[in-house]
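Notes follow the structure.
FYI, it's all coordinate maths here, none of it is from the lab. Keep in mind it's a predicted model, so treat the numbers as computed, not measured. Here the Cβ positions follow ideal geometry from the backbone for every residue, glycine too, while neighbour counts run over all protein chains shown.
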Amino acid sequence: MRSSLTGTARRRRSPERADPRSPEVRDRTASRQNGPERRTAMTYRVGVIGGGQLARMMIAPAVELGLEIRVLAEQKGMAAALAATAVGDYRDADTVLAFARDVDVVTFDHEHVPQDVLRALVDAGVAVHPGPDALRYAQDKLLMRTRLQEMGMPQPDWAAVTGPDELGAFLDAHGGRAVVKTPRGGYDGKGVRVVSTPDGAADWFTALAEDAGGGALLVEELVDFTRELAQQVARTPSGAVRAYPVVETVQRDGVCAEVLAPAPGASARLAAAAAEVGERIAEGLGVTGMLAVELFETADDRILVNELAMRPHNSGHWSQDGAVTGQFEQHLRAVLDLPLGDTSPVAPWSVMINILGGPAAGGLSERFAPAMAQHPAARIHTYGKEPRPGRKVGHVTAFGEDLDDVVYDARAAAAFFQD
Ligand SMILES: Nc1ncnc2c1ncn2[C@@H]1O[C@H](COP(=O)(O)OP(=O)(O)O)[C@@H](O)[C@H]1O
Ligand SMILES: [Mg+2]
């Protein structure tokens, strides 16, 4: 990996900055020059850690703007392999520092880069967006709950529980059912479980006990929500903030299946409340880049924060086609501290349908011709991933004037890619 990058790193470093006798000093000096404001190269270079579809979808707007994207992927052949891709372990500080030396800003496809690695980058003078102080709230749901409570944000009742007795007490106080979550490492519903007895999380408590660091599980009241929403906000290092319209998200088996933008029937009051929650969290936590706030809407017309993601998010894929500025371009603008783009929808309604699993036999591209013939207005996105049950391999977006028509068009076009 290093061999593919260091040549360019050497070229970009001016001789007076490089000190060949001291690699440590040289690294720090070189990377301090890496902020966009000190840029001397022809264009901005964005380094993305993680090679999944979110990194992949940053490539298209980067090409349009004439930015360079470099990706540090977990393995060969990942979705983002279209860009200059290094393969390496994002948990290894030396690997990540070597990757970062050659770019103007480091950002992420996922939130799993450990805090010590992130701090090593910051200490080396690398521009990291979002930075470790913000990202830890997306990495750890217990930290997030604690911080949002301090900020007075609306959220479900919750507690940190270290064993079955504490979980039992929470269940007794909340009608006998609750949602238990592993604070770290969960996604797509993995690490989320509805329980009605303390035994329901016995294996997770055992795992906690075996973990040298110990710790706690997060337990939340089982929210009787009427629907799930998501609020996206972009924030730049200079503090500019811009919200997207609040959207409705539909989860199946813990995985995002559909997104309707804006959330149908959302009152102006609800939309403003969601935007305010998003903006306050972005500012309060010092988020840079895209922030997604997953929300529950309740029957009594409240919104509660479910969780946070500090990167482009599945709930914002609609904006690639359905907004003046898509979330992937917005993320690039934000992490480079450029002026943010207009987040207005280009049509009254946009609907995004995930392609989950894909065809049982054959590739996605075999379905292009019939889908495109039947649905010429649908926007088809595939991620270069092998179809596998439940896997997110692509999405389809449609937009237009009539919500029913748009829902039909998006679902029918997406159906061509699933058996
Ligand atoms: N407190 C809760 N009450 C009811 N449903 C919940 C609660 N927390 C999570 N869920 C459901 O589980 C899904 C996944 O939970 P989430 O915390 O967002 O985990 P993940 O990190 O896997 O996305 C949510 O989208 C929602 O459908
Ligand atoms: Mg979630």
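Of all DSSP beta bridges confined to the chain, the antiparallel ones make up roughly 80%.
What relative contact order, as a whole-number percentage, does the stretch 157-221 give when Cα pairs under 8 Å and 6 or more residues apart are counted? Averaging sequence separation for qualifying contacts and normalising by length gives 50 percent for the stretch 157-221. Each of TYR137, TYR408 has some number of other Cβ atoms within 10 Å of its Cβ, and from fewest to most they run TYR408, TYR137. For the chain, averaging the sequence separation of C-alpha pairs within contact (under 8 Å, six or more residues apart) and dividing by the residue count gives a relative contact order of 12 percent. Converting phi to 3J(HN,Hα) with the Karplus coefficients 6.51, -1.76 and 1.60 and the offset θ = phi - 60°, the stretch 103-112 yields 10, 7, 8, 10, 9, 9, 9, 8, 10, 8 Hz in sequence order, with x at every glycine or proline.
Which of rounded, prolate or oblate describes the chain when judged by the alpha-carbon gyration tensor and an a/c cut-off of 1.5?
It comes out oblate by the Cα gyration axes.
Our note on the geometry: Cα centres of the stretch 56-87 and the stretch 231-282, 26 Å apart. Once both labels are positioned 7 Å from their Cα atoms along Cα-to-Cβ, the gap between SER344 and ALA60 label points is 2.2 nm.
Taking the chain as a Gaussian network, Cα atoms linked when under 10 Å apart, which of GLY51, GLY278, GLY163 shows the biggest mean-square fluctuation? Result for the chain, Cα springs under 10 Å: GLY163 fluctuates most.
Amide H contacts for THR85 (H built 1.01 Å from N in the peptide plane; partners 5 or more residues away or on another chain; cut-off under 5 Å): VAL71. Build a GNM of the chain with springs between Cα atoms under 10 Å apart, and of LEU285, LEU135, LEU65 the one that fluctuates most is LEU65.
Once the Cβ-Cβ distance of THR162 and ASP199 is raised to the sixth power relative to R0 = 22 Å, the FRET efficiency obtained is 0.90. With the cut-off at 1.5 for a/c, could you classify the stretch 225-415 from its C-alpha gyration tensor as rounded, prolate or oblate? Judged from the Cα gyration tensor, the stretch 225-415 comes out prolate (a/c at least 1.5, a/b above b/c).
Hey, how much of the P(r) for the stretch 81-175 falls beyond 19 Å, as a percent of Cα pairs? That fraction is 55 percent. The fraction of Cα-Cα pairs per 5 angstrom bin, counted from 0 for the stretch 157-221, comes to 4, 20, 34, 25, 13, 4, 0 percent, rounded to whole percents. Look at THR298, THR325 and count the other Cβ atoms within 10 Å of each Cβ; fewest to most, that gives THR298, THR325. Spin-label pair GLU210-ALA268: with each label point 7 Å from Cα along the Cα-Cβ axis, the two points sit 5.7 nm from one another. Our coupling estimate for the stretch 84-91, obtained by passing each phi through the Karplus curve with A = 6.51, B = -1.76, C = 1.60 and θ = phi - 60°, is 4, 10, 9, 10, x, 8, 6, 8 Hz, Gly and Pro reported as x.
Where the centre of each part is set by its Cα atoms, how far does the stretch 114-151 sit from the stretch 316-344, in angstrom? After rounding, the separation between the Cα centres reads 23 Å. Entry note, the chain: the mean residue ellipticity at 222 nm calculated from DSSP H runs of n ≥ 4, each adding -39500 (n - 2.57), is -10000 deg cm²/dmol after division by the residues and rounding to the nearest 500.
The lysine pair tally for the chain, using Cα distances under 20 Å and a gap of 8 or more places or different chains, is 6.
Subtracting the Cα-Cα distance of ALA257 and ASP224 from their residue separation scaled by 0.36 nm leaves 9.9 nm. Between ASP402 and VAL122, the C-beta separation translates, for a Förster distance of 45 Å, into a calculated FRET efficiency of about 0.40.
Given a Förster distance of 41 angstrom, what is the FRET efficiency for ASP89 paired with ASP300, based on the Cβ-Cβ distance and rounded to 0.05?
It comes out at approximately 0.30.
Across the stretch 372-386, coupling constants 3J(HN,Hα) worked out from phi with the 6.51/-1.76/1.60 Karplus curve, θ = phi - 60°, read 5, 5, 7, 10, x, 8, 6, 9, 9, 10, 10, 9, x, 9, 5 Hz, and Gly and Pro carry x. Membrane-span-like helices in the chain, defined purely by DSSP H runs whose alpha carbon atoms cover 20 Å or more axially and whose average Kyte-Doolittle hydropathy reaches -0.5, are 268-285.
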